[in-house]
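The values are calculated or read from the model by the stated rules, or taken from the named source; none is laboratory data. As the structure is a computational prediction, the values presented were derived from the model and not from experiment. Positions of Cβ are backbone-derived with ideal geometry, glycine not excepted, and every protein chain shown enters the neighbour counts.
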Amino acid sequence: MDNKVIKVTNLVKKYGDFIAVNGISFDISRGEVFSLLGPNGAGKTTTVEILEGIRKKTSGEVIILNEDPENNRKLIGVVGILPQDFNFLWNSTPMDALNFYKKALGSKGDIRELLEKVEIYDKRDVPFQKLSGGQKQKLGLAIAMLNEPEVLFLDEPTSGLDPKARRNIWKVIETLKKEGRSILLTTHYLEEAEILADRVAIMNHGQIIDTGTPMEIIERHHNKDRLIIRAPQSISQSLKKVGFVGNYSDGYLEIELSESRDAAKIINYLVDENLSFEDFTLKRESLEDVFVRMVGDEDIESE
Amino acid sequence: MRILNLNNIIAYFKLHSRAYFRSKGSIFFQLAFPIILMIIFGAIFGGSSTAPTQLVIQNESPSQISWEIVNAINDTGIFKVKILNENSSINSYISDNSVSAALLIPKNFTQNFAMNGSASLIFTGIGNPQEEQQEYQILNNVVTSMNYKIEGKNPSLVLKSDYISQQSLKEVDFYVPGLIGFTILNSMFAMIYQVPNYRKDRIFRQLSFSGISKGEWVISTALFNFLLTVLSDAILVIIAYTLFGASLNFTILTSLVTLVILFSGMLLFIGIGILAGMVSDNEETVSVIGNLIIFPMMFLSGVFFPLAFAPSYVKTISDFLPLTYFINSLNDMLIYKNYSVLELEVPILIVFSIAIFLISVKLFKWNE
């Protein structure tokens with residue numbers, strides 16, 4: 001049995017002479033959270049909108065649950081969608097919105113249960129424009145989850161939210177992940193992808209420049225690890241004698257490591273030689289550090 | 001096109017109406033609008049008047065004097081004279097053709113004039129009382145000048161008036177169909193604003209995820225606006241009756257036909273609103289396009305001002321405007337009691353509506 005719920009092969013989208021998506025391929029397995037990362041204009045949203053069936057591709061193949069999404073009503077409700085900047089009718093309440101989708105989709109979903117799951121049951125009768133940014137996104141998520149879809153597209157689900165609201169949304173996505181749903185997540189918050197995604201694809205200028213687990217991406221592209229020790233300046237001379245050279249500044253000695261295990265050698269040496277130090281930190285590059293270097297000076301703040 | 005799903009139409013209708021009625025401002029203005037409109041028009045245009053272009057004359061007593069009168073009326077250039085065949089019934093002609101004025105030269109006219117030196121002509125006014133008065137005055141001037149022309153006689157030709165409308169119709173009756181047309185235009189204007197805003201705010205994209213089709217959305221929107229307009233128009237008619245003593249021809253049949261006319265008109269103008277909204281890409285364009293469509297239609301379809309004295313090319317343009325058929329249908333049904341509209345104007349309006357509905361659904365896109 002084919003375990004792939006989404007297969008994208010050589011997908012191309014052109015607007016006149018401009019190539020927004022340039023021959024990308026990827027697939028998503030059942031129960032996997034796959035994240036598309038990229039700077040402004042990388043082609044993430046265009047890709048997602050083609051997968052959602054609301055934008056036509058120029059060429060290539062897109063298969064979602066064995067269906068081509070273009071002009072395909074079979075996927076409505078089967079795929080849950082939270083679009084970028086989710087918006088709804090002024091003066092409609094979460095209860096109105098979910099009742100509408102429930103009726104239109106012929107869904108058997110329990111609205112109360114859903115509102116409780118996204119923690120906005122107490123806001124069920126509040127007009128849409130009076131909901132906070134996070135509450136609006138939660139409503140969007142509830143709508144996307146209404147039909148218990150096997151596949152979900154979450155396009156920038158936490159964009160513009162404060163850290164607390166962002167973490168609340170992450171909690172809901174983690175629940176969906178535990179339920180075994182396949183999720184395509186686009187985000188420009190690298191931390192978000194690192195926490196939630198099983199695999200990520202980094203897009204730039206319409207192309208995927210690398211794919212893998214966040215750790216694999218970091219492993220492939222990270223700079224050397226650095227050991228930072230808080231200690232008197234004399235320690236730098238002691239370590240220099242055994243071949244570890246670093247920069248001392250404001251009470252901290254920072255040493256670039258040729259190998260990660262050198263960190264253990266250095267600490268052992270300090271302990272064995274009874275050289276005093278207060279504490280130390282091993283600093284490894286995050287996905288964000290790697291990502292910024294990979295995409296260069298592109299604007300990663302918004303798309 | 002997919003078959004329309006009633007469930008989806010009802011689902012969106014509920015969503016839209018709940019959101020609408022949650023806004024106290026919207027409800028207030030929806031109810032206040034017809035009241036304000038009726039009072040303003042009742043007060044401002046209560047005294048306005050104009051004359052028709054067409055005057056139907058039946059000469060039942062052909063003679064030199066009777067034809068001289070007809071020629072004199074024709075020479076004024078004010079009336080477009082239509083001579084009715086001797087064998088035709090002037091009353092049937094009036095009711096079948098929605099004419100607003102008629103002149104009968106009775107059978108005994110020549111004989112009475114020859115024998116007694118005096119005779120009567122019968123003027124029938126069917127339109128706006130102010131217009132009737134003006135028409136009567138013009139004809140009376142013609143008759144008076146004829147009297148002076150006839151040497152050796154004292155003025156002896158008399159124009160008798162037979163205001164058939166005076167017994168039943170009031171000034172206000174002539175504004176009500178136009179104001180109903182205006183409330184429909186109001187819904188169209190709302191659509192011209194709503195379409196680009198929903199597109200900009202990506203609400204259409206969100207609606208597309210529900211599985212509701214474009215046709216279902218248009219029907220549902222038209223149905224909601226239709227019921228809202230029926231409510232507004234009911235208030236308008238009640239005020240017309242209570243404050244201004246209106247006496248329109250509201251029977252079960254004309255009320256039902258009026259509802260059919262209203263729904264067809266709503267579907268038609270919602271469709272036009274969607275098409276116009278599709279070409280508006282910002283708020284400034286929305287206002288310009290909205291006004292460009294609404295104002296010419298308001299004036300050229302005779303919503304508020306009769307086109308009696310308008311140049312012929314304006315009348316030709318008017319024939320191509322859907323609102324003309326809407327207003328004419330209501331005028332004929334509710335004022336002139338002319339049921340022949342069921343054979344022409346109403347079917348034309350329904351065909352127009354279905355055509356515009358299909359075109360708007362075909363061209364409208366959830367996503368640009």
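Here residue B:238 meets each of (1) surrounded by fewer than 21 Cβ atoms within 10 Å (Cβ to Cβ); (2) without any contact (Cβ under 8 Å) to a residue 24 or more places away in the chain; (3) within 14 Å of chain A (Cβ to nearest Cβ) with one exception, condition (3).
Restricting A:82, A:75 to residues that are more than 19 Å from the chain's Cα centre (by Cα), under 25 Å from residue B:11 (Cβ atoms) and buried (at least 18 other Cβ atoms within 10 Å of the Cβ) narrows the list to A:75.
Of all residues in region A:134-166, exactly one satisfies the criterion of being modelled with pLDDT under 90, within 14 Å of another protein chain (Cβ to nearest Cβ) and either more than 13 Å from the chain's Cα centre (by Cα) or farther than 23 Å from residue A:38 by Cα (or both), namely A:147.
Among the residues of region A:59-69, those identified as within 30 Å of residue A:17 (Cβ to Cβ) and surrounded by 14 or more Cβ atoms within 10 Å (Cβ to Cβ) are A:60, A:62, A:63, A:64, A:68, A:69. For beta carbons closer than 9 Å, sequence separation of 6+ or different chains, a first residue in region A:93-105 that is at the interface with chain B (Cβ under 7 Å from one of its Cβ atoms) and free of Cβ contacts under 8 Å to residues at least 40 places away in the same chain and a second that is part of a helix (DSSP H, G or I) and among the small types (Gly, Ala, Ser), the qualifying pairs are A:96/B:19; A:100/B:11; A:103/B:11; A:104/B:11. So in region B:330-362, with the set limited to residues that are assigned to a loop (DSSP other than H, G, I, E, B) and not polar (S, T, N, Q), which one is modelled with the lowest pLDDT? Per the criteria, the residue is B:336.
Filter region A:92-144 for residues that are of a type in the set (A, V, I, L, M, F, W, C) and in contact with a Leu (Cβ under 6 Å, 6 or more places away or on another chain); which is surrounded by the fewest Cβ atoms within 10 Å (Cβ to Cβ)? The qualifying residue surrounded by the fewest Cβ atoms within 10 Å (Cβ to Cβ) is A:111. Of the residues making up region A:75-85, those that are facing chain B (nearest Cβ under 7 Å) and modelled with pLDDT of 85 or more are A:76, A:81, A:83. Scanning region B:203-261 for residues that are under 22 Å from residue B:346 (Cβ atoms), assigned to a helix (DSSP H, G or I) and among the polar types (S, T, N, Q) yields B:225, B:229, B:232, B:254, B:255, B:258. Applying a threshold of 8 Å to beta carbon distances and a minimum spacing of six or more residues, or different chains, the list of pairs starting in region B:2-25 at a residue that is more than 10 Å from every other protein chain (Cβ to nearest Cβ) and ending at one that is assigned to a loop (DSSP other than H, G, I, E, B) reads B:4/B:213. The residue of region A:212-253 that is nearest to residue A:295 (Cα to Cα), among those that are surrounded by fewer than 17 Cβ atoms within 10 Å (Cβ to Cβ) and among the β-branched types (Val, Ile, Thr), is A:213. Is it the case, given these coordinates, that residue A:120 is more than 11 Å from every other protein chain (Cβ to nearest Cβ) and closer than 19 Å to residue B:15 by Cβ? Yes, satisfied. A single member of A:126, A:172 is within 14 Å of chain B (Cβ to nearest Cβ) and of a type in the set (Val, Ile, Thr), and it is A:126. Among residues of region B:248-271 being more than 16 Å from the chain's Cα centre (by Cα) and surrounded by fewer than 24 Cβ atoms within 10 Å (Cβ to Cβ), the one that is farthest from residue B:331 (Cα to Cα) is B:252. In region B:111-124, the residues that are assigned to a loop (DSSP other than H, G, I, E, B) reach residues that are small (Gly, Ala, Ser) with C-beta atoms within less than 6 angstrom, at least six apart or across chains, in these pairs: B:117/B:156; B:118/B:156. On the given criteria, is residue A:96 at pLDDT 95 or above and of a type in the set (D, E, K, R)? Yes, satisfied.
Checked against the criterion of being modelled with pLDDT of 90 or more, under 25 Å from residue A:65 (Cβ atoms) and touching a Lys or Arg at 6+ places or on another chain (Cβ under 8 Å), region A:227-240 has no qualifying residue. Scanning region A:45-68 for residues that are more than 12 Å from every other protein chain (Cβ to nearest Cβ), of a type outside the set (S, T, N, Q) and more than 22 Å from residue A:159 (Cβ to Cβ) turns up A:57, A:60, A:61, A:62, A:63, A:64, A:65, A:67, A:68. Among strands (runs of 3 or more DSSP E) entirely within region A:222-291, having at least 3 residues that are within 30 Å of residue A:209 (Cα to Cα) singles out no element at all.
Within region A:145-162, the set of residues being part of a helix (DSSP H, G or I) and under 25 Å from residue A:41 (Cα atoms) is empty. Put simply, of B:184, B:212, B:192 the only residue that is within 14 Å of chain A (Cβ to nearest Cβ) and either over 30 Å from residue A:76 (Cα atoms) or β-branched (Val, Ile, Thr) (or both) is B:212.
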